[in-house]
Amino acid sequence: MEDQRKPEKNKTSTTSNLLWFFGVSTCVKLLLIPSYHSTDFEVHRNWLAITHSLPLDQWYIDKTSPWTLDYPPFFAYFEYIISFFAHLVDPKIVDLEKGLDYKAESVVLFQRLSVIVCDFVLLYGVYRLSKNFSMGFKERVLMWVLVVWSPGLVIVDHMHFQYNGFLLGLLMMSISYLMEGRDLMGGFIFAVLLCFKHLFAVAAPVYFVYLLRHYCWKGFVKGFWRISVLGAVVVAVFAAAYGPFVYLGQMQQVISRMFPFGRGLCHAYWAPNFWVFYIILDKGLAFLLKKLGLNIPVPAASFTGGLVGDSSPFAILPQVTPLTTFIMVLLALSPCLIKVWKNPQPRSVARWIAYAYMCGFLFGWHVHEKASLHFVIPLAIVAGNSLEDARHYFLLSIVSCYSLFPLLYEAQEYPIKVLLLLLHSVLMWQSFSALFTTDATAKAVVSAKKTDRQVGLKGSSSDVVEKGGFHIGWIGRCYLFGLLAVEIWGQFLHPYLLGDKLPFVPLLLISIYCALEIMYSWIWQLRQIMVST
């Protein structure tokens, strides 16, 4: 009888503890309601007005505002549903003409609260991961700190303004089902996610190969049945999303809105990815050749503008097209896909999916810095697998959050974003230290050896544990000091020494310096995938 009660008690304890973490984060989010918000705030308000005021056949055609609807239909339906609540709060919110640039307290409060409420989807995703796997209490707390208390999500969703927590919650739910072996449900939720935001499609090759190999590759008859069922589920989801627009003959218009390739290779603020180095190399070569007397046209570049526009052509290096970036993402993904096919293990799904999003971030077309959340959040699932994973995640999480700082450029938000990052860094350090403490060396060694056997990595993480618990090494410490130097220069020394001269340099330094860590992280993740059994 006592043995039967114990799992129920553990489940109740997990739920109550997770709710406490979520409650604390919600209090912080409520305090941030009056803070700065970006143009994305007006974007989503306008989508509320479009879906509420216009018939379905006008949703992807309307140009009343420059912030046209460019997300997949499920997100449009989502906006349509919550627009009824917005109308009850303040009818002007959903007025297509009078609501333009509407900034009353009612609209701020409603939209902020809508994001907070939608975070319950993220909560459920984390809950499923916490309750369904044999995690110890420290492992659970670690994941809650990394995900529920993520400073990146707070900055992007609850200050800058977006619904990433809601969407990442769907992703976490999908991963949890795959890790349970419930492949059909995991594939279904991922298909739903794609119909909410198409940028998550970067992981579609991983899902395709994994589901084909792990779920469908079961002999001719059984395999044919399963692939038919899986295909029917995916087709049904996409039919529910896009069917009305196929009927209206508007699919070409919908696709053109969802994939505006004319926006250019990079955003106004360069995301810290591979293309930062490509652009710097091109401009450096052009400058050098011009100094040598060659007639090289050096295209102008906007480093500080906030609006999206066509990117300048390269002066020396080959031009980059959307097809080029697509091929590069697939090439970067191919080693992982081969590994997935050879050994489709549910325990490795989170790492594979995170790696896919990292490939998209590094080599994709017109990548936003906010997309780093797509791989940082899933990686939290495996951050406690070994000391190496913990050290890697600690640095990557800090860099990802710091790369979001330019989103909040007003002075009053500066202490908030710095405090969020510092506090979370301390909490991460404490959580990792509790998991890999020298005070419980014997237990940690056993756990580390078990992890080595499960993941199949070469070497022994237990040897590292025995040498002193959680640490990041001297290279990691030097890198973080360099990050501090970049911030001091951009925030204090550059304005004091150079004034208004070279205003792009602080953002450029952030992009380059953060790109170094993310490129290293990509290589490190690839190595972990390739050496695992």
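Worth pointing out:
- Counting charges near residue 229 (Lys, Arg +1; Asp, Glu -1) among other residues having Cβ under 14 Å from its Cβ returns a value of +3.
- Region 137-170 and region 315-378 have Cα centres spaced 21 Å apart.
- Theoretical FRET efficiency, 1/(1+(r/R0)^6), r = Cβ-Cβ of residue 296 and residue 239, R0 41 Å, to 0.05: 0.20
- Three-way shape label, region 2-258, alpha-carbon gyration tensor, a/c 1.5: oblate
- Packing around the peptides 519-527, 368-376, 103-111, taken as the average count of other Cβ atoms within 10 Å per residue, puts them in this order, highest first: 368-376, 519-527, 103-111.
- Label-to-label distance for residue 411 and residue 98 is 3.7 nm, based on points extended 7 Å past Cα in the beta-carbon direction.
- Accessible area in square angstrom per residue, region 2-258, 1.4 angstrom probe: 44 Å²
- Of the accessible area of region 2-258, computed with a 1.4 Å probe over protein heavy atoms only, carbon and sulfur atoms account for 66 percent.
- Projected label distance in nm at residue 120 and residue 497, using a 7 Å step from Cα toward the beta-carbon: 5.3 nm
- Tensor-based shape of the chain (alpha-carbon gyration tensor, a/c under 1.5 rounded, otherwise prolate or oblate): rounded
- Local electrostatic count, residue 431, Cβ distance below 12 Å [Lys/Arg +1, Asp/Glu -1]: +1
- Amide H contacts for residue 381 (H built 1.01 Å from N in the peptide plane; partners 5 or more residues away or on another chain; cut-off under 5 Å): none found.
- Legend: residue pairs 63/103; 63/283; 283/342, Cα-Cα distance threshold 32 Å; pairs beyond threshold, 63/283; 283/342.
- Highest to lowest packing among 411-422, 326-337, scored as the average C-beta count within 10 Å: 326-337, 411-422
- Extension reserve of the residue 520-residue 184 stretch, reckoned as 0.36 nm per residue once the Cα distance is removed: 117.5 nm
- Subset of 138/417; 29/339; 131/197 violating a 32 Å alpha-carbon distance limit: 29/339
- For region 1-123: rounded, prolate or oblate by the Cα gyration tensor [a/c cutoff 1.5]: prolate
- Our note on the geometry: Cα centres of region 255-279 and region 77-95, 32 Å apart.
- Given in Å, the Rg to one decimal and the Dmax to the nearest whole number for the Cα atoms of region 168-288 are 19.4, 64.
The values are calculated or read from the model by the stated rules, or taken from the named source; none is laboratory data. On a predicted model such as this, the values are computed, not experimentally measured, just so you know. All Cβ positions, even for glycine, are placed from backbone atoms using ideal geometry, and neighbour counts span all protein chains on display. When the accessible area is computed, the model is the full protein with side chains, heavy atoms only, and any ligands, DNA or RNA have been set aside. Shrake-Rupley method; radii C 1.70, N 1.55, O 1.52, S 1.80 Å.
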